[in-house]
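The values are calculated or read from the model by the stated rules, or taken from the named source; none is laboratory data. Only a predicted model underlies this, so the values are computations on that prediction, with no experimental measurement involved. Cβ atoms come from the backbone with ideal geometry, glycine included; neighbour counts cover every protein chain shown.
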Amino acid sequence: MKKLALYLILICAAVSFIYPFLWMAFISLKSVGDAGARGLLSSFFTLQNYKAVFMEIPIGRALLNSAIVALSTTASVIFFSSLVGYALAKLRFSGRETVFMIVLLTMMIPGQLTLIPLYTLIVRLGWIDSYPALVAPWMISAMGILIFRQTFISIPDDLIEAARMEGCGELRILTSIFWPLSKPAMVTVGIITFMNSWNEVLWPMMVVRRQEMMTMPQMITTFSVGGQSGGELGVEMAASMLLIIPILAAYAFFQKYFIDGIASTGIKG
Amino acid sequence: MAKVIFEKVVKRYPSGDRDTVRELSLTIDDGEFLVLVGPSGCGKSTILRMLAGLINVTAGKIFIDGKDITRLHPKDRDISMVFQNYALFPHLNVYDNIAFGLKMRGAPKKEIDDRVREASALLGIVPLLHKKPKELSGGQSQRVAVGRAIVRRPKVFLFDEPLSNLDAKMRTQMRAEISRLHRRLKATAIYVTHDQCEAMTMADRMVVLHDGVIGQCGTPHEIYSTPRNTFVATFIGSPPMNLFAAQAVREGAASGLKINNFVLPLPHLAAERLETGRKYTFGIRPEHIYLADRVPPGVNSSMPLACEVELAESMGNDVVLHCNSGGLAFQASLKHDFPVKSGDKINVVFALDKSHVFDEKGERVA
């Protein structure tokens with residue numbers, strides 16, 4: 001009985017999370033006339049809305065831009081955050097704890113607070129409407145550093161010493177020993193970073209004006225809010241579906257590592 | 001292979017208020033198997049790690065084959081090391097673990113394969129090559145760790161308490177295997193242990209460390225039979241040497257040591273080094289104490305000493321008796337060929353020509 005009640009609560013919670021997604025998916029597949037109906041199902045499903053998205057906006061280019069920005073940001077965050085995480089976990093130097101405290105402190109600062117100084121910097125560097133403007137400010141993350149540091153601390157020092165004796169320098173130790181032993185942490189940092197970067201709207205809105213440099217969320221927001229969609233719900237939902245599919249695919253592919261990473265590092269998304 | 005020289009090497013950790021290793025000067029000859037032995041915290045692992053380059057030297061220099069390697073990175077010293085916890089890379093199989101060092105140095109694939117197979121055959125681990133470290137037993141892991149050390153054919157091998165995680169039977173087996181391997185490779189090897197049994201059985205020469213300094217350096221036999229001080233005397237040997245506070249006395253023409261109310265006449269050569277009235281420490285190993293009626297022929301024994309057996313510990317071949325004679329407690333190790341039990345009253349004698357005398361500072365006098 002107790003179990004049944006528990007399952008009912010869990011099902012209710014799951015439905016409340018899943019329903020908006022299902023609604024979005026079904027609306028995107030409904031015809032223009034059907035999109036306003038309340039129910040999920042329809043007698044007629046069509047890919048017309050998706051076709052309209054591809055016809056009306058350069059969604060292919062936006063997808064490519066998003067992929068370039070999100071993948072470069074993710075690769076960069078994994079590399080640089082693991083580099084710093086390794087130093088903070090395993091190297092002995094004066095001020096190590098202070099540096100770590102400063103890294104933690106940066107996590108407490110709201111991101112919006114740094115937008116204006118960052119924007120000014122990007123303008124001065126002449127990077128407006130370029131990939132560096134979209135990637136450079138997010139190439140390292142305090143959250144990534146924290147996750148890597150916590151993971152690396154648990155790796156025995158003996159392995160580092162053995163690797164040094166066998167001919168490894170510090171970078172080689174990181175890439176040949178620590179990375180393979182920290183796959184869950186890497187996937188966790190990777191998915192969180194990819195997701196954040198992929199979904200980012202505000203920053204691209206600030207530094208990108210030319211349509212061919214726009215990322216997916218920026219393009220879709222402009223498309224939906226800016227009136228290009230003609231207020232058609234189905235077309236807007238189709239555009240949104242295109243936005244979330246890569247995230248869902250990445251999560252489905254790395255799900256096992258992601259759960260391991262969250263469990264072992266004690267970090268909640 | 002290589003000759004290793006420590007020249008007045010000092011190590012002080014930043015958090016420490018005293019030197020962990022104090023002005024260590026030591027030469028390890030080419031092909032020698034040297035064992036560093038001592039209690040926890042004596043600095044033996046620190047010495048090994050300084051030689052490996054894993055920690056910095058505070059002062060002094062280290063040479064290998066005449067080349068100053070004090071400030072070189074570990075990878076440039078041509079040394080390999082076997083760690084206490086094996087330190088096998090968990091994500092690599094046995095083959096890749098053994099091949100790791102060669103790969104890092106960019107050796108050709110064919111050479112790597114040949115050398116890995118040669119080392120594996122030598123250690124009997126060919127069937128394990130495809131396994132991951134977590135699938136191996138302690139003994140197998142240790143063999144793989146040794147394999148990783150020998151495959152590079154370095155100038156010097158370091159062993160940091162490599163057998164301490166193994167059970168007693170496996171320890172004895174691996175001890176013999178490492179000794180055999182050393183004889184075969186004729187490599188310079190430095191082995192750290194706190195186990196005197198390992199030290200005594202494996203070493204060409206051993207160094208007993210105490211509080212960051214060399215207590216004594218010599219062959220196992222030298223250290224056992226003529227310990228330089230009371231620390232070495234009690235650290236090496238199991239059960240340890242019995243030490244008694246004593247005073248030099250002269251009775252007529254003979255000199256001796258008075259322990260409680262018991263006077264031990266000492267052999268002439270030992271007696272003439274004593275100063276009447278001064279305090280000394282008398283030492284006798286448990287196996288040099290005999291039952292008064294079972295003294296082997298040719299032994300220069302003391303007068304019988306009546307004592308009570310407080311505890312008799314049977315060790316199979318031997319029995320260790322914890323004896324007490326009027327407050328004088330000592331241990332005797334006797335052959336297990338007579339019935340003796342706790343509470344028995346027995347008479348024992350000391351083999352005087354096997355006795356040791358130390359001065360008030362604990363340094364050997366005779």
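Any residue that is under 19 Å from the mean Cα position of the chain (by Cα), surrounded by 11 or more Cβ atoms within 10 Å (Cβ to Cβ), part of a helix (DSSP H, G or I) and among the small types (Gly, Ala, Ser) - is there at least one of those in the range A:83-90? No. Take the residues in the range A:149-162 that are more than 7 Å from chain B (Cβ to nearest Cβ) and surrounded by 15 or more Cβ atoms within 10 Å (Cβ to Cβ); name whichever of them is nearest to residue B:161 (Cα to Cα). The selected residue is A:160.
Filtered by the rule that a residue be small (Gly, Ala, Ser) and surrounded by fewer than 13 Cβ atoms within 10 Å (Cβ to Cβ), the range B:330-366 gives B:342, B:343. If you check B:299, B:295, B:319 for being within 30 Å of the chain's Cα centre (by Cα) and either closer than 25 Å to residue B:364 by Cβ or in contact (Cβ under 8 Å) with a residue 40 or more places away in the chain (or both), only one passes: B:299.
The condition (being hydroxyl-bearing (Ser, Thr, Tyr), modelled with pLDDT of 85 or more and closer than 15 Å to residue B:259 by Cβ) is satisfied by just one residue among B:290, B:280: B:280.
Taking residue A:165, is it touching a residue at least 24 places away in the same chain (Cβ under 8 Å), within 14 Å of another protein chain (Cβ to nearest Cβ) and closer than 30 Å to residue B:86 by Cα? It is false that residue A:165 is touching a residue at least 24 places away in the same chain (Cβ under 8 Å), within 14 Å of another protein chain (Cβ to nearest Cβ) and closer than 30 Å to residue B:86 by Cα. Among the residues making up the range B:292-307, those that are assigned to a strand (DSSP E or B) and under 16 Å from residue B:242 (Cβ atoms) are B:301, B:305, B:307.
All but one of (1) more than 14 Å from chain B (Cβ to nearest Cβ); (2) surrounded by fewer than 17 Cβ atoms within 10 Å (Cβ to Cβ) hold for residue A:172; state the number of the condition that does not hold. Here residue A:172 clears every test but (1). Looking at the range B:222-266, the strands (runs of 3 or more DSSP E) lying wholly inside it that each contain 3 or more residues that are in contact (Cβ under 8 Å) with a residue 24 or more places away in the chain sit at B:242-251, B:262-265. Among the residues making up the range B:144-170, those that are over 19 Å from residue B:48 (Cα atoms) and under 22 Å from the mean Cα position of the chain (by Cα) are B:166, B:167, B:168, B:169, B:170. Of the helices (runs of 4 or more DSSP H) lying entirely inside the range B:15-128, those carrying at least 3 residues that are within 27 Å of the chain's Cα centre (by Cα) and more than 13 Å from chain A (Cβ to nearest Cβ) are B:44-52.
Taking the criterion of being surrounded by 19 or more Cβ atoms within 10 Å (Cβ to Cβ) and more than 11 Å from the chain's Cα centre (by Cα), the only residue of the range B:200-213 that qualifies is B:212. For the range B:217-236, the set of residues classified as within 11 Å of the chain's Cα centre (by Cα) and either surrounded by 19 or more Cβ atoms within 10 Å (Cβ to Cβ) or among the hydroxyl-bearing types (Ser, Thr, Tyr) (or both) consists of B:219, B:220, B:223, B:224, B:232, B:235, B:236, listed by residue number.
So that you can scan it fast, the table gives a plain yes or no per residue for (1) at pLDDT below 85; (2) more than 17 Å from residue B:325 (Cβ to Cβ):
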| residue | (1), (2) |
| --- | --- |
| B:233 | no, yes |
| B:258 | no, no |
| B:268 | yes, yes |
| B:274 | yes, yes |
| B:284 | no, no |
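Of all residues in the range B:129-143, those being over 18 Å from residue A:177 (Cβ atoms) and either within 14 Å of chain A (Cβ to nearest Cβ) or not charged (D, E, K, R) (or both) number 8.
Listed here are the helices (runs of 4 or more DSSP H) enclosed by the range A:159-254 that have at least 3 residues being within 14 Å of the chain's Cα centre (by Cα) and either farther than 30 Å from residue B:51 by Cβ or modelled with pLDDT of 85 or more (or both): A:183-199.
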